[in-house]
Amino acid sequence: MAKGEWKRSGADDLQLSGRSECEVFDDGTNTFFWRAHTLTVLFILTCALVYVTLLEETPQDTAYNTKRGIVASILVFLCFGVTQAKDGPFTRPHPAYWRFWLCVSVVYELFLIFILFQTVHDGRQFMKYIDPKLGVPLPERDYGGNCLIYDPGNPADPFHNIWDKMDGFVPAHFLGWYIKTLMIRDWWMCMIISVMFEFLEYSLEHQLPNFSECWWDHWIMDVLLCNGLGIYCGMKTLGWLSMKPYQWQGLWHIPTYKGKIKRIAFQFTPYSWVKFEWRPASNLRRWLAVLGIIFMFLLAELNTFYLKFVLWMPPEHYLVLLRLVFFVNVGGVAMREIYDFMDDPKFHKKLGQQAWIVATITVTEFLIVVKYDPNTIMLPIPFFVTQCWILGIVLILIWTLWRFFIRDITLRYKETRRRRQEGSSDRDRVPGHADGSNTASSGRSKLNGSMDTVRQRKS
């Protein structure tokens with residue numbers, strides 16, 4: 001981009017692709033912070049390997065050397081990926097940041113593939129190499145039980161059931177849905193996913209005790225308070241980001257310290273903004289894409305609970321938190337790539353790299369759950385729950401057939417019939433005009449004849 005150039009991306013492209021995109025001004029400053037530094041990274045990496053090879057004595061501990069070699073291999077791969085991988089759609093705070101998480105995605109997928117190819121016992125015991133406290137079966141906490149909001153049997157603290165639910169997962173729910181709203185950028189989709197997951201918890205509480213919660217915990221604390229408040233704050237943030245001016249200027253070109261601090265803070269905001277307009281009912285392709293996104297979101301949410309159940313990880317373990325942090329960083333990029341692929345398939349001819357690897361990770365996690373504990377997965381669902389899900393699926397299929405097949409055929413038939421009627425009426429109208437002209441001419445001739453008769457009588 002030339003220095004001081006306005007990048008017009010909204011009004012010019014809106015008519016072509018229907019995208020709602022903002023205008024960006026960038027003065028084109030390219031500082032040390034934005035350069036590739038491929039030779040610098042290569043030099044530092046080579047020096048580190050030379051030091052380990054020539055100056056450091058290798059320990060005689062096989063397990064320690066194995067762990068160290070695996071970590072070193074991962075670090076070398078990350079160095080290569082951060083400097084050489086292809087950039088994604090995000091450039092703030094730095095493209096290398098998003099390249100780093102892309103490489104972490106590949107490493108995590110390879111780890112999942114390794115776990116998938118182990119036996120159940122070996123896979124669970126392998127987790128001890130990461131943390132010696134793992135590999136031991138842990139009981140799941142039951143969130144159900146006494147569901148009285150006001151418990152008269154406990155006069156000292158009648159609201160103890162509510163206070164017991166106020167743990168660290170309450171702010172985690174709020175923060176998680178705030179970030180998911182920034183990823184999806186649509187209020188309706190967020191609310192549908194939020195409500196659908198509560199129905200999934202109702203349906204699967206016979207498999208995982210963790211899903212057994214009180215009714216007010218499902219609909220008041222989760223849907224209305226935590227999830228609803230997170231979605232509301234996320235939509236407000238989206239509104240601010242859509243109205244924010246995107247004018248980027250080099251730090252050294254800003255004269256005041258206040259402006260420099262503001263510029264540093266805005267470095268952690270998007271470079272530009274694209275408003276997601278999913279429009280699922282516009283055509284069958286977008287409708288199936290939205291259904292697929294909702295399905296993958298729900299599957300990833302379920303994997304969070306089932307993975308720690310089958311791998312014997314307590315909910316408060318740092319690996320569970322690291323997985324959530326991982327999906328926070330890769331989910332936004334994946335959603336943007338999915339939207340670009342769905343909204344403008346002529347320009348984006350293939351699915352983005354981050355979206356591809358995230359979908360693969362989600363499926364692999366589910367396969368690990370199926371392999372490691374098929375008995376839990378195959379527990380029969382209660383009959384009335386099965387009836388509800390069958391009814392919902394049938395209604396979705398009926399609406400899909402009506403909206404994209406029956407309705408379109410009916411509209412085309414009505415349009416064809418209307419055009420035929422208009423054509424036939426036009427053909428009938430042409431002879432009618434001729435008869436009218438003949439009638440008018442004959443009327444005039446009769447009138448002339450009667451006038452001649454009157455003149456003869458007068459004469």
| field | Odd one out for MET313 among (1) under 27 Å from LEU134 (Cβ atoms); (2) touching a Pro at 6+ places or on another chain (Cβ under 6 Å) | value | (2)
| note | Checked the range 210-249 for anything farther than 17 Å from GLY176 by Cβ and among the polar types (S, T, N, Q); matches are SER212, SER242, GLN247, GLN249
| query | Looking only at the range 166-202, which residues are at pLDDT below 90 and out of contact with any His (no Cβ under 9 Å at 6 or more places or on another chain)? | reply | MET166, ASP167, GLY168, PHE169, VAL170, PRO171, ALA172, HIS173
| said: I'd like to verify a number: residues in the range 39-60 that are assigned to a loop (DSSP other than H, G, I, E, B) and either touching a helix residue (DSSP H, G or I) at 6+ places or on another chain (Cβ under 8 Å) or surrounded by 10 or more Cβ atoms within 10 Å (Cβ to Cβ) (or both), how many? | reply: 2
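Is it fair to say LEU307 is open to solvent by 20 Å² or more (accessible area, probe 1.4 Å) and of a type in the set (A, V, I, L, M, F, W, C)?
Values: open to solvent by 20 Å² or more (accessible area, probe 1.4 Å): no; of a type in the set (A, V, I, L, M, F, W, C): yes.
Judged against the criteria, LEU307 is not a match.
Which residue out of LEU224, LEU208 is surrounded by fewer than 19 Cβ atoms within 10 Å (Cβ to Cβ) and under 26 Å from ILE396 (Cα atoms)? Walk me through how you get there before you give the answer.
Details: LEU208 fails: under 26 Å from ILE396 (Cα atoms).
Exactly one of LEU224, LEU208 is surrounded by fewer than 19 Cβ atoms within 10 Å (Cβ to Cβ) and under 26 Å from ILE396 (Cα atoms), namely LEU224.
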| said: Quick check on my filter: what residues within the range 364-420 are under 19 Å from ASN303 (Cα atoms), open to solvent by 50 Å² or more (accessible area, probe 1.4 Å) and in contact (Cβ under 8 Å) with a residue 24 or more places away in the chain? | reply: PHE366, LEU367, LYS371, LEU379, ILE381
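Considering every residue within the range 275-298, establish whether at least one is under 19 Å from ARG124 (Cα atoms), modelled with pLDDT of 90 or more, open to solvent by less than 40 Å² (accessible area, probe 1.4 Å) and among the aliphatic types (A, V, I, L, M). Full working, then the answer.
Filtering the range 275-298 for residues under 19 Å from ARG124 (Cα atoms) gives none.
Checking the range 275-298: not a single residue is under 19 Å from ARG124 (Cα atoms), modelled with pLDDT of 90 or more, open to solvent by less than 40 Å² (accessible area, probe 1.4 Å) and among the aliphatic types (A, V, I, L, M).
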| Given (1) surrounded by 20 or more Cβ atoms within 10 Å (Cβ to Cβ); (2) over 19 Å from the mean Cα position of the chain (by Cα), index of the condition VAL358 fails | (2)
| task | Please work out if VAL370 is under 15 Å from the mean Cα position of the chain (by Cα) and either within 27 Å of GLY123 (Cα to Cα) or not hydrophobic (A, V, I, L, M, F, W, C) (or both). | result | no
| said: Taking the criterion of being surrounded by 15 or more Cβ atoms within 10 Å (Cβ to Cβ), modelled with pLDDT of 90 or more, within 29 Å of THR38 (Cα to Cα) and not aromatic (Phe, Trp, Tyr), would at least one residue in the range 112-134 satisfy it? | reply: no
| note | Note: among ALA11, ALA36, just one is open to solvent by less than 100 Å² (accessible area, probe 1.4 Å) and modelled with pLDDT under 50, namely ALA11
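Filtering the range 141-163 down to residues that are over 26 Å from LEU204 (Cβ atoms) and not in a loop (DSSP other than H, G, I, E, B), which residue is modelled with the lowest pLDDT?
Let us first name the residues in the range 141-163 that are over 26 Å from LEU204 (Cβ atoms), namely 150-160, 163.
Keeping just the survivors that are not in a loop (DSSP other than H, G, I, E, B) gives 160, 163.
Details: HIS160: 64, TRP163: 70.
By that ranking, first place goes to HIS160.
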| request: Starting from residues that are among the aliphatic types (A, V, I, L, M) and touching a Cys at 6+ places or on another chain (Cβ under 7 Å), keep the ones in the range 160-201 and report whichever is nearest to PRO314 (Cα to Cα). | output: VAL170
| query | Are there any pairs with C-beta distances below 6 angstrom linking a residue in the range 185-214 that is in contact (Cβ under 8 Å) with a residue 40 or more places away in the chain and farther than 19 Å from THR386 by Cα to a residue that is crowded, with 19+ Cβ neighbours inside 10 Å and of a type in the set (Val, Ile, Thr), with the two at least 6 apart or on different chains, and if so which? | reply | CYS190/THR181; CYS190/ILE184; CYS190/ILE231
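Does GLY250 qualify as being under 20 Å from the mean Cα position of the chain (by Cα) and not hydrophobic (A, V, I, L, M, F, W, C)?
no
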| task | Would you check if there is a residue in the range 256-276 being within 16 Å of the chain's Cα centre (by Cα), charged (D, E, K, R) and under 30 Å from ASP373 (Cβ atoms)? | result | no
| message | List the residue pairs whose Cβ atoms are under 7 Å apart, where the first residue sits in the range 277-306 and is more than 27 Å from GLY239 (Cβ to Cβ) and of a type in the set (A, V, I, L, M, F, W, C), the second is open to solvent by less than 40 Å² (accessible area, probe 1.4 Å) and not in a loop (DSSP other than H, G, I, E, B), and the two are 6 or more positions apart or on different chains. | response | LEU284/PHE404; LEU299/THR362; LEU302/LEU200; PHE305/ASN210
| query | What pairs can you find where one residue is in the range 260-272 and closer than 11 Å to GLN247 by Cα, the other is β-branched (Val, Ile, Thr) and open to solvent by 40 Å² or more (accessible area, probe 1.4 Å), and their Cβ atoms are less than 6 Å apart, with a gap of 6+ or different chains? | reply | TYR271/THR91
| field | Pairs where the first residue, in the range 61-79, is assigned to a helix (DSSP H, G or I) and the second is open to solvent by 70 Å² or more (accessible area, probe 1.4 Å) and β-branched (Val, Ile, Thr), C-beta under 8 Å, 6+ apart | value | ASN65/THR58
| Only one of (1) over 22 Å from GLN84 (Cβ atoms); (2) among the polar types (S, T, N, Q); (3) open to solvent by 80 Å² or more (accessible area, probe 1.4 Å) is not met by THR66, so which one is it? | (3)
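The values are calculated or read from the model by the stated rules, or taken from the named source; none is laboratory data. Please read all numbers here as calculations on a predicted model, not as lab measurements. Reconstructed Cβ throughout: ideal geometry from the backbone, glycine too, with neighbour counts over all protein chains shown. Heads up: the accessible areas ignore ligands, DNA and RNA and are worked out on the full protein's heavy atoms, side chains in. Shrake-Rupley method; radii C 1.70, N 1.55, O 1.52, S 1.80 Å.
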